[in-house]
Each structure stands twice: as C-alpha cells, then as structure tokens.
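Asker: Please find one structure pasted underneath; my questions will follow.
The values are calculated or read from the model by the stated rules, or taken from the named source; none is laboratory data. Given the structure is predicted, the values throughout are model-derived calculations rather than measurements. Cβ placement follows ideal geometry from the backbone for every residue including glycine, while neighbour counts extend to all protein chains displayed.
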Amino acid sequence: MADITQLILDDHETFRREFAALDGTDEPEQLHEIWEHLGALLETHAAAEEAIFYPQLLRRGDDPEAETLDAIGDHNEIRDGVREAGRYPVGSPPWWDAVRKTRGANSEHMAEEEDDALPDFRRNTPLSVRVDLGHQFLKFKTDHPDARGLDTRDKDPHGYVGAVQARISPGGESGSLGIGSLKGR
Ligand SMILES: [Fe+2]
Ligand SMILES: [Fe+2]
C-alpha cells in the first residue's frame with residue numbers, strides 16, 4: 001500500500017541508513033557510490049514533497065502554513081549542503097564538513113516532518129487519498145532518476161506557500177502541482 005506518509009518515512013529510513021554507511025568506510029570509491037545515490041535521493045525527495053505532499057498539506061492540515069514554511073527553509077539548507085559537497089573531492093575534509101552539515105540539517109528536518117507535518121496530514125486525510133498521492137510520489141521519483149531534470153535551486157518559502165495558496169483558493173488555478181485531480185474528495 002503506497003500511503004504517501006509511509007513512502008516519506010521509507011525514504012527517511014534510507015537517508016539514515018546511507019549516512020550511517022558513509023561512516024563505515026573511507027574508501028573513496030565506496031564513499032562516491034553511496035553519496036551519489038544519497039545526494040540525488042535527498043534532492044528528489046525534497047522536490048517530490050514540494051510537488052505533491054506540501055500542496056496537499058496546505059489544503060488539509062491543522063497548522064500547515066508554519067509547517068510548510070519551515071520545511072521549505074529546511075529543504076534549502078539540505079540542498080545547499082548537497083551542492084557544497086559537490087564542490088569538493090569525495091572523502092576530502094571540506095567534503096566531509098559539507099556532508100556533516102547536510103546530515104545535521106536533514107536529521108532535524110526529518111524529526112519535524114515525522115513529529116508534526118506527517119501526523120497532521122494523517123489526521124486530516126483519508127487513506128484512499130494518501131494512497132493516490134503515494135502513487136504520484138512514486139511516479140515523480142521514477143520520472144526523475146538520479147534527480148535528473150529537477151529544478152534543485154532554493155525556493156523562497158513565502159513565495160512557495162503563496163503560489164500554492166493562490167492555486168487552491170476558490171477560483172484559483174488548480175491544474176498543476178497535482179492538486180486539481182484531488183479536488184472535492
Ligand atoms: Fe521528508
Ligand atoms: Fe522534507
């Protein structure tokens with residue numbers, strides 16, 4: 001069953017496992033292989049949440065605005081960390097610094113999603129909708145293997161929330177971001 005909140009938790013578990021795997025080796029080739037997958041998944045996961053999860057949280061949650069503003073700011077920090085790591089040779093001291101920074105930002109962010117945003121969404125969204133969204137989340141990930149074709153630039157949190165709210169307000173355009181297809185359920 002592809003409940004989107006479960007799929008998000010599954011990715012979080014992969015993040016924890018792969019950051020831990022980096023601790024287990026100083027072999028550059030292995031580090032490179034793990035980081036290539038982990039860095040791309042961090043980017044794809046954030047983009048998929050922004051395309052599919054947070055627009056729906058903003059429609060349905062109890063305190064969605066604060067949670068979303070926080071999340072987009074955190075995603076920017078995570079993206080900054082991945083980008084910074086990309087500037088240095090894998091395994092070098094500045095690369096490790098960037099990876100540690102990314103890991104810290106991501107750990108803090110996952111805790112917030114797991115303690116606030118995901119419970120809020122589960123409480124306010126029927127399982128059938130969570131499963132539909134789960135399918136969209138999976139499709140987004142298969143459409144962007146290795147983060148290909150993604151816009152990984154930072155997003156202005158207020159600009160993001162404002163754009164989604166304009167689309168979901170009565171009379172607003174609701175065709176993109178996967179919102180329109182779920183209207184009225
Ligand atoms: Fe997440
Ligand atoms: Fe997130």
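Asker: If you scan segment 117-140, which residues turn out to be farther than 16 Å from T44 by Cα and exposed (fewer than 14 other Cβ atoms within 10 Å of the Cβ)?
Answerer: Of everything in segment 117-140, those that are farther than 16 Å from T44 by Cα and exposed (fewer than 14 other Cβ atoms within 10 Å of the Cβ) turn out to be R123, P126, L127, S128.
Asker: Filter segment 36-77 down to residues that are among the hydrophobic types (A, V, I, L, M, F, W, C) and within 13 Å of N106 (Cβ to Cβ), then give me how many there are.
Answerer: Applying the first criterion (among the hydrophobic types (A, V, I, L, M, F, W, C)) to segment 36-77 yields 38, 40-42, 46-48, 51-53, 57-58, 66, 69, 71-72.
Next, only the ones that are within 13 Å of N106 (Cβ to Cβ) stay: 38, 41-42, 46, 71.
Here the count works out to 5.
Asker: Would you confirm whether or not segment 106-116 contains a residue that is more than 12 Å from the chain's Cα centre (by Cα), assigned to a helix (DSSP H, G or I) and away from ligand 1 (no atom under 15 Å from the Cβ)?
Answerer: no
Asker: How do the helices (runs of 4 or more DSSP H) wholly within segment 1-96 filter down when requiring 3 or more residues that are of a type in the set (K, R) and closer than 17 Å to P119 by Cα: which remain?
Answerer: Result: empty, no element qualifies.
Asker: Give the residue that is modelled with the highest pLDDT, with candidates limited to residues of segment 1-39 that are among the small types (G, A, S) and within 16 Å of ligand 1 (Cβ to nearest atom).
Answerer: G39
Asker: Report, by residue number, each residue of segment 81-107 that is of a type in the set (G, A, S) and surrounded by fewer than 19 Cβ atoms within 10 Å (Cβ to Cβ). Spell out how you get there, then give the answer.
Answerer: Applying the first criterion (of a type in the set (G, A, S)) to segment 81-107 yields 81, 85-86, 91-92, 98, 104-105, 107.
Correct list: G86, G91, S92, G104, S107.
Asker: Exactly one of these conditions fails for A20: (1) surrounded by fewer than 22 Cβ atoms within 10 Å (Cβ to Cβ); (2) touching a Leu at 6+ places or on another chain (Cβ under 8 Å); (3) over 20 Å from S169 (Cα atoms). Give me its number.
Answerer: A20 satisfies all of (1) surrounded by fewer than 22 Cβ atoms within 10 Å (Cβ to Cβ); (2) touching a Leu at 6+ places or on another chain (Cβ under 8 Å); (3) over 20 Å from S169 (Cα atoms) except (2).
Asker: Given the structure, is A105 within 15 Å of ligand 2 (Cβ to nearest atom) and farther than 27 Å from L127 by Cβ?
Answerer: When the stated conditions are applied, A105 passes them.
Asker: If you don't mind, there's one more thing I want to ask. Could you say whether any residue in segment 142-157 is of a type outside the set (G, A, S), at pLDDT below 95, more than 19 Å from I78 (Cβ to Cβ) and part of a helix (DSSP H, G or I)?
Answerer: There is at least one residue in segment 142-157 that is of a type outside the set (G, A, S), at pLDDT below 95, more than 19 Å from I78 (Cβ to Cβ) and part of a helix (DSSP H, G or I).
Asker: All but one of (1) within 12 Å of ligand 1 (Cβ to nearest atom); (2) touching a helix residue (DSSP H, G or I) at 6+ places or on another chain (Cβ under 8 Å) hold for L58, so report the exception by its number.
Answerer: L58 satisfies every listed condition except (1).
Asker: Could I ask something else about it? Between a first residue in segment 69-83 that is farther than 18 Å from D97 by Cα and a second residue that is among the β-branched types (V, I, T), which pairs have beta carbons less than 8 Å apart while being 6 or more apart in sequence or on different chains?
Answerer: L69/V161; I72/V161
Asker: Looking at (1) under 25 Å from Y88 (Cβ atoms); (2) surrounded by fewer than 19 Cβ atoms within 10 Å (Cβ to Cβ); (3) touching a residue at least 24 places away in the same chain (Cβ under 8 Å), which one does L9 not meet, given that it meets all the others?
Answerer: For L9, the exception is condition (1).
Asker: Now for a different question. Could we say that A2 is away from ligand 2 (no atom under 16 Å from the Cβ), hydrophobic (A, V, I, L, M, F, W, C) and surrounded by 13 or more Cβ atoms within 10 Å (Cβ to Cβ) here?
Answerer: Yes; evaluated as a whole, the condition is true for this residue.
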